[in-house]
Each structure stands twice: as structure tokens, then as C-alpha cells.
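Before any comments, here is the structure.
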Amino acid sequence: MTRPGRDEDPDRLYTVTGGRSRSTTGAETFDLVTLVVSESAPVRGMQSEHAAILRICRFPTAVVELAADLGLPVSVVRILLGDLLAQGKITARHPRRAQTADALPDPDILKQVLVGLRNI
Amino acid sequence: MTSPEISPPPAAGTGRPAAGTAQPVTGTTRPATTGGGTATGTALALLVSVVVASVATLAAVQAGDESARTAIAWGAGAAGAVLCAAVTVAAHARLTNRSLRAALAAGNARAAEREAADNHFADATVPTVVERLRNGGSAETALAEAPPVASEAQRRVLVTLAREVHKGENMRAAAMSACANAAGRVQALATSMAADLREMEHRHADEDVLADLLQLDHRNAQMGRIADSIAVLTGARSGRRWAKPIVMESILRGAMGRIGGYQRVRLHSTSEVAVAGHAAEGVMHLLAELMDNAANFSPPTSEVHVYVEEVAAGVVITVEDGGLVMGEVALRRAEQAVLGEHGDLTALSGTRLGLAVVGRLARKHGLSVSFRPSAHGGTGVLVRIPRELITEARHEERAPAPPPAAGPAPSSPRAPLGAAPGTPPPAAERTRPAADHSRPDTGPPRQAEPVGTAQHDAQGHEQAESGGYATAAPPPQQFGESGLPKRRRGQTLAAVARASATPSRTADSPHGSRSGADGRADDDRAADGRAPAASPKKRPSGARFGDFRRAVQGAGDPEETGQTPLPSASSPTRSSSLSEDDTE
């Protein structure tokens, strides 16, 4: 796994987060599947991770996916997202909130739709 | 009669001692001639005076009365003898005087000659020999190359000196190399520990664990910097090498991560330039030392500001603190410490290694460092990185992904794990572990999927590797001048073949759409399988998640990309029931 000194970036995670190890907004704001949407374009002089998040999140993107894209641990991504949320540059959509039990279609209906589609 | 008997002894007696005293001073040939000359002259004077005195005595005796003749003879004889003695002594003294003076002059000349030879020995010969020894010559070489010495004594001195200096030089070199060796080992340990810590940071999701790991990471980075400093001072190679240009932001963060008070450092940089890989470590280390100085010599509440400015001659980085104002003398001393030519460590005190390190690094990489009072009230240090060391960030890393992720150019290769997308180097190492890791993760439904997933997998990895993120366009395939697919560095040939095959497959409409739907269902399953049990193995599943989405987006309609993750993430139970149905 280790090929010391090669092909790694020199900046360490604590410099990426500015020394914070827990997000100020808390883990409940961003869980793994929270969808993040950027509300503004990246501006010059922004931390590169923030800019990257804003670019990726032009389309709603899950936190875990962001972490994979950035190559950063989820905890670190949460901290960065907390910064952006505090600045109002992103919004977080919680999938669970959208799926309250009554708002969802009935499984039977879905099954019927599926069968119907197959029969086409 | 009596006078000849009396007079010669003084002549001989005085003549010989004179010659005898002259002997040690003068050489071996001249004393004989001068002594002989003195003796001859004295004898001549004696002879002449005896003759004159005897003639005068005889004349006086002849002229004298008969009765007084005896008395006259005695008196005249005595007077003659006295006269003879006086003349002889005078003549001898005069001659001796002359010869002694000549000997003295000769002695003085020789003394001056010898003094000149001694001066030459001290001022030219010895320094030449010592310098030759300092430059690594052996004692024998140095002695052989030394200019000839005037005397045996000097030669002996020179031999002893050469041996001793050579021995001292050997000891110094041995101590230096021992230090360098030890520093190198500590560096290697710190580097591998940093890699390990990075991996652990990715592995552990718990915030408390992460906090501890980050702290350890920070300590480790500081330790690495000290080892780097020792390596620089002992003349060893710098510890790490970067194979690619490092963007300025990473340079600055890498530098500030190595000091204790990094949280007080504020970066003000909009620069997009990168520093060439071979110099990046040196620049980082130099900046770290300057930031450390700035942070240490300013109140713990004040901030250290770092500005980056692109100028015609390169890039100027300013490190300003709000601490102690350095006086004129202190500024000059600091510049002196940086410029200090002498490579010895004797001028260093234990606590002030920083500026010497800065000086060494600046000389090595051709950076210019200057000090001035700061507008913040403290001291400002200006570092100019010459244009030769500045490059734009690597083109191919930024170019393919402008829409969603131009920024990740620095961040995409950050992932150290084999499973992470975008890890640049060994392809074999990467693709295989990625597959291996991901298989057990996704669990049983995964096995039910036959070929389509594997292909998607490959495609997803493909895109990740080539840096194409969630673009709707097909994966950027590079073609060489010959029109054949070009293998990217670190990519396997099989991967290239697959990549070139994928566009045709996706263009084929029924197959393409099927695979797209397939991929989506698979996506659901991935989300389904992972969401409840995400915490232990976050990293590989996260990577997989991204891969699937990319694969789906690459194959499917670009319009759908926005909506794709919605159903996947929305209802685990639903999608699982769906997929159950799908398989029946």
C-alpha cells in the first residue's frame, strides 16, 4: 500500500480542515446519503476542496459520493460541508424527510406498474 | 729581541678568538679568510712597527752619549715595544671590527631570508595544505601537492599538521554522515508513518478516533520536519520527492502542516501556479521554517499571514507576523544567517537552526530570501521562487474535467488506498484490489449479477482513472499520433482496450439502454446493501457508489444524471423489493 514519498499530496487532512476534527453542524445534518446541492459557483481564492464540492454538487450528490470523488474521508467531507452550509453556499436535502410513509406510493402499485411495463 | 717575543702572542691570542666567535655566525669558508686576513694584517702591522721602532731605537742609541747609551737603549727599547704593542693592538682591533661588521651584515641578510621563508610557510604553504585536506584530499596527496619547504623542521611540522587535520576531517565527515544517515532513517519512518496515518484516517469514521489520528499526524509531520532540517544541515538528500508539480495551495498547506502553530497561519492565495516536483519539497520545507519562526516569535494570539503574488520574475511568497519587530541589526543578522556561506555547524546554536536551514535550501534551489519590517507590526519575510521552478498545474489533470471537478486535480490523486478512484500509479495494483475489495462488500446480490456489472465496474474505474468525473460525455479516450489508443501512464493495456471498446458498446442502442437500466438497478442494490452497514467499510463502498453513478451517467441519458441518485437513496425498502421482483 505504501510507496512512501511518491504520488501523494503533501497537504495533510488536518490542514484541509483547519485543525477541526468534528463538524460544527454535527453528523445529523449530513449523513452518508444526504444529498447536497450547491447554491453558488466557486469563487477564486476559495479552498480547493470547497470549490470542488461546489462544482460536483451542481447536481444533487450524496455525501458519500462526494467523499469518494474528493478522495477524502467522510468525516472530513462533513466538516467541509458544514463550512459551506454555514456560508449558505450549499443546501442539504435529507432523503428521509422526503419519504414519509404516506407520501410514498404503495408497493402494490409499483409492482403493478412494473408488471405493466414488462408486458409492453 | 724582547719585543718580537712579546708582541706576537697578543696578535695570535686576539686573532683566534675573533675568528672563533665569528665562526658560529658566519659560514665555514668566510671565517678562515677573514680570520686569516685579520692575522695577516696584524702581523704586517707588527712587523712594520717593529722595524720602525728598532730603527728608531738604533738611531737613538747611535746618536746618544756613550754614558747614556744603555739608558737610552733601555728606554727606547721599552718605548719601541710599547709602541709596537699599541700599533699591533690597534691594527688588530680595527681589522677585527671590520670583519665582524661584515659577518653581522651577512647574518642579518640570512636572518631576513629565513624570516621570509617562515612567512611563506605560515601564510601560503600551511593554508594550501589545510585547504586541500578540507576538500577531501588525503594527507599524502596534500603533502605531495604542497610547495617545497625551506627546512627539515618545516617539513616535519607540515607532516604532523597534515596528519592531524586529516584525522580531524575524517572524524567530522564520519559524524556528519552518521547524522545524515540517522536523519534519513527518521525521515523514512516519518514518511511511511504519514502514509499509514492517512490510511487510518480513511478507515476510521469515528470522529474521536479521527481527532486523535489527526493529532498524531500533526506531531508526525513536525517530527518529519526536524528530521528534514537535520538532513539539510548535514548535507543529505531531502527526504521526499514529488513526481509531479505541486500546486501552490498544497505547497502552502504542506508547509503549514509541519509547524506547531499551524492554526494561526492564514493563507491568502489565489495563485493557480504549481512548483516543479523536484523543488517542491525544498520550497515547502523553507516556508515551513519561516512560518515556524513567524509563529514562534509572535504572540500566541496573533496570526501569521502568508501572501502569494505572481511577479514577472516568478512567485513571491510573503510570510508576515505581528510579533517582535526585528531591529536593523537583527534583520542584518538574519540575512547573514541565511546568506552564510560557511557550511560548518559551529556557528549554529541549538535553538536557531531554522535560518541556517533556510539559507541552505535557498542556495540549493536558487530562491531569494529577504527580510523587512512588516506592516503587521512584526517582521515580513519575502521568498522569491524563480520562474524556472514554476509550472502550471499539470495539464491533463485539469483539462478533462472542467465541468464538475476541475479542482480535484490536486485532490483526486490524494486517495492513498488502492480502491480509491483516481489514484494515479500502478494500474495492476489498483484495479485488482479494487475488484477484490468491492466484491465482498456488496454481498450476495452482487454475485447474481453476471457480466454487466463487471463491465460497468470496469467502465467506472476507467472513467475514474482518466479523470473524467460525472461528465455525460463518453470517457475521454486519448489517441496517439498514429491514431491508436494511447495508454496513459500507469494504466494497463487491457484497460485501454476496454475503454476503446466501451463507446461502441454504449452507442449500440438496445444493449446500451439495457446496460444503463441494469446499472441503475445495480446502483440501487449498492445503495441498499451499503446504507445500513455503511460505517465499518465506508471508503470502498463510497468509491463503488461513485463508480456506479459514473458508469450509469456515462451510459445513460445526460438528463437523467440529476435524478439518478434520488431513487437510489430515497427508499431502501422499496428498491430492494423492486430488485427482488426484477430478478424473478
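Read the figures in this text as sums done on the coordinates, not as results from a lab. Just so you know, these numbers come straight off a predicted model, no measurement behind them. Ideal geometry is used to build each Cβ from the backbone, glycine not excepted, and the neighbour counts take in all protein chains shown.
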**OP:** Measure out, as a whole number of angstrom, how far apart the alpha-carbon centroids of the stretch B:96-170 and the stretch A:37-88 sit.
**Re:** 76 Å
**OP:** Between B:Met171 and B:Asn97, take the C-beta separation as r, use R0 = 45 Å, and let me know the FRET efficiency to the nearest 0.05.
**Re:** 0.15
Original post:
What's the exposure ranking of A:Ile90, A:Ile109, B:Ile251, going from fewest to most Cβ atoms within 10 Å?
Top reply: A:Ile109, A:Ile90, B:Ile251
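GluC sites (Glu not before Pro), restricted to the stretch A:31-74: which are DSSP loop and have at most 16 other Cβ atoms within 10 Å?
Numbers: sites: A:Glu39, A:Glu49, A:Glu65; in loops: A:Glu39.
Listed in order of number, the matching sites are A:Glu39.
What does the structure give for B:212-224 when I average, per residue, the other chain Cβ atoms found within 10 Å of the residue Cβ?
Mean inter-chain Cβ contacts per residue within 10 Å come to 3.
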**OP:** Using a cut-off of under 19 Å, list every residue of the stretch B:298-337 whose amide N is near the label point 7 Å from the Cα of B:Arg387 along the Cα-to-beta-carbon line.
**Re:** B:309-317
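Shape call for the stretch A:13-119 from the C-alpha gyration tensor, a ≥ b ≥ c root eigenvalues: rounded (a/c under 1.5), prolate (a/b greater than b/c) or oblate?
Working: a/c = 2.69, a/b = 2.28, b/c = 1.18.
Verdict is prolate for the stretch A:13-119.
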Original post:
What length, rounded to one decimal in nm, is gained on full extension from B:Glu164 through to B:Arg219, with 0.36 nm per residue of separation minus their alpha-carbon distance?
Top reply: 15.5 nm
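For the stretch B:185-279, what does the equivalent ellipsoid look like in terms of its semi-axes, each the square root of 5 times an eigenvalue of the Cα gyration tensor, given largest first in whole Å? Each step should come with its number before you reach the end.
On the way: eigenvalues 99, 73, 37 Å².
Ellipsoid half-lengths, sorted descending, are 22, 19, 14 Å.
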**OP:** Report the label-to-label distance for B:Val82 and B:Glu310 in nanometres (one decimal), using points 7 Å from each Cα along the Cα→Cβ vector.
**Re:** 11.7 nm
**OP:** Rounded to the nearest 0.05, what FRET efficiency do B:Ala150 and B:Ala182 give with R0 = 56 Å and r taken as the Cβ-Cβ distance? Could you check?
**Re:** 0.75
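Stretched out fully, how many nm does the piece from B:Ala112 to B:Thr141 gain, at 0.36 nm a residue minus the Cα gap? Walk me through the numbers on the way to the answer.
Working: separation 29, 0.36 × 29 = 10.44 nm, distance 3.11 nm.
Contour length minus the Cα-Cα distance gives 7.3 nm.
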Original post:
Fully extended, how many nm does the chain gain between B:Phe297 and B:Lys364 (0.36 nm per residue separation, minus their Cα-Cα distance)?
Top reply: 21.5 nm
Subject >> FRET efficiency, B:Ala124 to B:Ala330 (Cβ-Cβ, R0 25 Å, nearest 0.05) >> reply: 0.05
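Do any trypsin sites (Lys or Arg not before Pro) in the stretch A:53-91 lie in a loop, going by DSSP, with at most 11 other beta-carbon atoms within 10 Å of their beta carbon, and if so which? Before the final figure, lay out each step's value.
Details: sites: A:Arg55, A:Arg58, A:Arg78, A:Lys89; in loops: A:Arg58, A:Lys89.
Qualifying residues, ordered by number: none.
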